[in-house]
1. Enumerate the calculated ³J(HN,Hα) couplings along the stretch 104-121 in order (Karplus 6.51 cos²θ - 1.76 cosθ + 1.60, θ = phi - 60°), each rounded to whole Hz, writing x wherever the residue is Gly or Pro.
2. How large is the helix-only mean residue ellipticity at 222 nm for the chain, computed as the sum of -39500 (n - 2.57) over DSSP H runs with n ≥ 4, divided by its residue count, in deg cm²/dmol to the nearest 500?
3. Using alpha-carbon pairs under 8 Å, 6+ residues apart, how would you state the relative contact order of the chain in percent?
4. How much length, in nm to one decimal, is gained on full extension between ARG61 and PHE133, taken as 0.36 nm per residue of separation minus their Cα-Cα distance?
5. Pop out the ³J(HN,Hα) list for the stretch 62-77 in order, Karplus 6.51 cos²θ - 1.76 cosθ + 1.60 with θ = phi - 60°, rounded to Hz; leave Gly and Pro as x.
6. How many angstrom lie between the Cα centre of the stretch 1-56 and the Cα centre of the stretch 96-142?
7. Using the Cα centre as the reference, give the magnitude of the dipole from point charges on the C-beta atoms of the chain (Lys, Arg: +1; Asp, Glu: -1; all else neutral), rounded to the nearest 20 debye.
8. When the Karplus curve 6.51 cos²θ - 1.76 cosθ + 1.60 is applied with θ = phi - 60°, which whole-Hz ³J(HN,Hα) does each residue of the stretch 14-22 get, with x for Gly and Pro?
Amino acid sequence: MDKYDARMLSNDAVEQLRHQAVRLARGGETNTAIAEILGVNRRTVGVWLQRYAAGGRAALRAKRRGRKVGEQRTLTPGQELEVQRLLLDKPPDQLRLTFALWSRQAVRELLRVRFGVAMPIRTVGLYLQRWAFTPQKPVKSA
């Protein structure tokens, strides 16, 4: 049987596999046999059974993977709000910056001057994207 990559399965599917492993272990199956039946690694079955022994059914619940929202960001939520307000309310020259329009470079300079944060230009672009600021071309007038 093919082995599953549990990272590609939904949390519900992973939980069902874990509960099934516990049922099979209670039925007297070995970890190797359980791994073959479920299509997972033998060591994974051992980890699941150890968790179950230590914490019961609650220990088998699948948790959300990856970083938490807002974790490891350079700017605090308060700083983000302040920058967003400045971008909406004032042009760069009112804030004593040498730019006529807001660009990633202008926002980067604002962050350096205002908060002392040296941020890569790509990261500035990611912040602007997260805040739903889109690139705009100036309107051409005759």
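Please treat every number below as a calculation from the coordinates, not as lab data. On a predicted model such as this, the values are computed, not experimentally measured, just so you know. So basically every Cβ, Gly included, is an ideal-geometry build from the backbone, and we count neighbours across all protein chains shown.
1. In residue order, the calculated couplings are 4, 5, 5, 5, 4, 5, 4, 5, 5, 6, 6, 10, x, 9, 8, 10, x, 4 Hz.
2. It comes out at -16000 deg cm²/dmol, rounded to the nearest 500.
3. In percent, rounded to a whole number, it is 14.
4. 22.1 nm
5. Computed from phi, the couplings for the stretch 62-77 are 7, 9, 5, 8, x, 6, 6, 4, x, 6, 6, 8, 6, 9, 6, x Hz.
6. Here the answer is 50 Å between Cα centres.
7. 180
8. 5, 4, 5, 4, 5, 5, 5, 4, 5
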